[in-house]
Amino acid sequence: MTQGGTNETRHFRTAVVPAAGLGTRFLPATKTVPKELLPVVDTPGIELVAGEAADSGASRLVIVTSEGKDGVVAHFVEDLVLESKLMASGKSHLLEKVRKAQGLIEVESVVQDEPLGLGHAVSCVESVLDDDEDAIAVLLPDDLVMPRGVLDTMARVRAKRGGSVLCAIDVPKDQVSAYGVFEVEDLPDAVNPDVLKVTGMVEKPKVEDAPSTFAAAGRYLLDRAIFDALRRITPGQGGELQLTDAIALLISEGHPVHVVVHRGSRHDLGNPGGYLRAAVDFALDSEEYGPSLREWLTQRLQQTGQ
Ligand code: G1P
């Protein structure tokens, strides 16, 4: 048995992390540092997502990168010079931190050579899959979905109902235009009321056109049929090949798609505002930094009269 479930329920070995974007919302920091390496307290977002993939039972992480973003994969490579320095100076707690990423999961990368969209990024992975892989997990590194475990529930739903399973969050109506949004139906036989059938999906609709307030939250368990659908879509929202459009195409052809509504918290690391919230949230929970941060924040908020 693996950490994230039995082979019967897991149904996927490969977790895909699209990380080819330019990180323009974080410029100038992302001029030289890939967005996925920015630390949430002391751990890069990509390591948090790799940990979640490993916990869910994936054995391989395929990172989709682009030119200039080699550092994202390098984060998972053993650094013998650094390790021997830490060892020589007896800094075993730091050594443990440094070694964590490389021990999590087997990491490889594929290059997306043109920024043609999330759907295109996912399609770049097909060539490295083994023939017997029926499904892949996709984790968007901008999304931190907590507590971990939604992929386990999604895998159980796929084992029961087949097809593809996505993670949804219920967002305020005025925010739907930032997301892929689901049209859903209740399942009469659902034991878990947070599992819904998806009857349609639209990328970043106008508020008045949104079919619901259930939005895609960056976790997908996709049947291999997605690759064929990705070959058949044309550029959509923003002129990009959208993963949402390939999923909508599959739904229109009768492929079963369900969502698991995640009721926990979620951070958006894709913009400085969301990233800061994630950092503060994690830091408040940290034994090392939590107490003094709490004290300082309280004083700071009093000073500004908030
Ligand atoms: C992407 C997806 C969107 C999803 C969102 C979640 O959009 O295209 O469907 O809801 O991630 O974060 P992006 O935020 O990359 O524009």
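The values are calculated or read from the model by the stated rules, or taken from the named source; none is laboratory data. This structure is a prediction, so every number in the text was calculated from the model and none was measured. Counting neighbours? That spans all protein chains shown, and the Cβs are built from the backbone with ideal geometry, glycine included. Areas reflect the complete protein model, heavy atoms only, side chains present, ligands, DNA and RNA absent. Shrake-Rupley method; radii C 1.70, N 1.55, O 1.52, S 1.80 Å.
Could we say that LEU241 is part of a loop (DSSP other than H, G, I, E, B), open to solvent by 30 Å² or more (accessible area, probe 1.4 Å) and under 30 Å from ASP131 (Cβ atoms) here?
yes
Which ranges mark the helices (runs of 4 or more DSSP H) fully within the range 7-104 that have 2 or more residues being within 22 Å of the chain's Cα centre (by Cα)?
Filter on the range 7-104 gives 7-10, 45-55, 70-74, 92-104.
Consider the range 278-299. How many of its residues are part of a helix (DSSP H, G or I), in contact (Cβ under 8 Å) with a residue 60 or more places away in the chain and open to solvent by 50 Å² or more (accessible area, probe 1.4 Å)?
The qualifying residues number 1.
Of all residues in the range 150-168, count the ones that are touching a residue at least 60 places away in the same chain (Cβ under 8 Å) and open to solvent by 20 Å² or more (accessible area, probe 1.4 Å).
Qualifying residue count for the region: 7.
Going through the range 174-188 one residue at a time, which ones are in contact (Cβ under 8 Å) with a residue 24 or more places away in the chain and either part of a helix (DSSP H, G or I) or more than 14 Å from the ligand (Cβ to nearest atom) (or both)?
Answer for the range 174-188, where residues must be in contact (Cβ under 8 Å) with a residue 24 or more places away in the chain and either part of a helix (DSSP H, G or I) or more than 14 Å from the ligand (Cβ to nearest atom) (or both): ASP174, GLN175, VAL176, SER177, ALA178, VAL184, LEU187.
Looking at (1) open to solvent by 10 Å² or more (accessible area, probe 1.4 Å); (2) within 16 Å of the ligand (Cβ to nearest atom); (3) closer than 16 Å to VAL17 by Cβ, which is the one condition that is false for ALA137?
(1)
What number of residues within the range 233-269 satisfy the criterion of being more than 10 Å from the ligand (Cβ to nearest atom), closer than 26 Å to ASP186 by Cβ and under 19 Å from the mean Cα position of the chain (by Cα)?
Number of matching residues: 10.
Can you run down the residue pairs with Cβ atoms below 7 Å, 6 or more apart or on separate chains, where the first is in the range 84-112 and under 26 Å from SER59 (Cα atoms) and the partner is surrounded by 13 or more Cβ atoms within 10 Å (Cβ to Cβ) and of a type in the set (S, T, N, Q)?
Matching pairs, first to second residue: ILE105/SER59; GLU106/SER59; SER109/THR65; VAL111/THR65; VAL111/SER66; GLN112/SER66.
Conditions (1) touching a Pro at 6+ places or on another chain (Cβ under 7 Å); (2) more than 10 Å from the ligand (Cβ to nearest atom); (3) of a type outside the set (Gly, Ala, Ser), marked per residue:
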site	(1), (2), (3)
PRO172	no, yes, yes
ALA216	no, no, no
TYR220	no, no, yes
ARG231	no, yes, yes
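Please verify whether the range 117-134 includes one or more residues that are of a type in the set (Val, Ile, Thr), within 12 Å of the ligand (Cβ to nearest atom) and under 19 Å from ILE226 (Cβ atoms).
Checking the range 117-134: at least one residue is of a type in the set (Val, Ile, Thr), within 12 Å of the ligand (Cβ to nearest atom) and under 19 Å from ILE226 (Cβ atoms).
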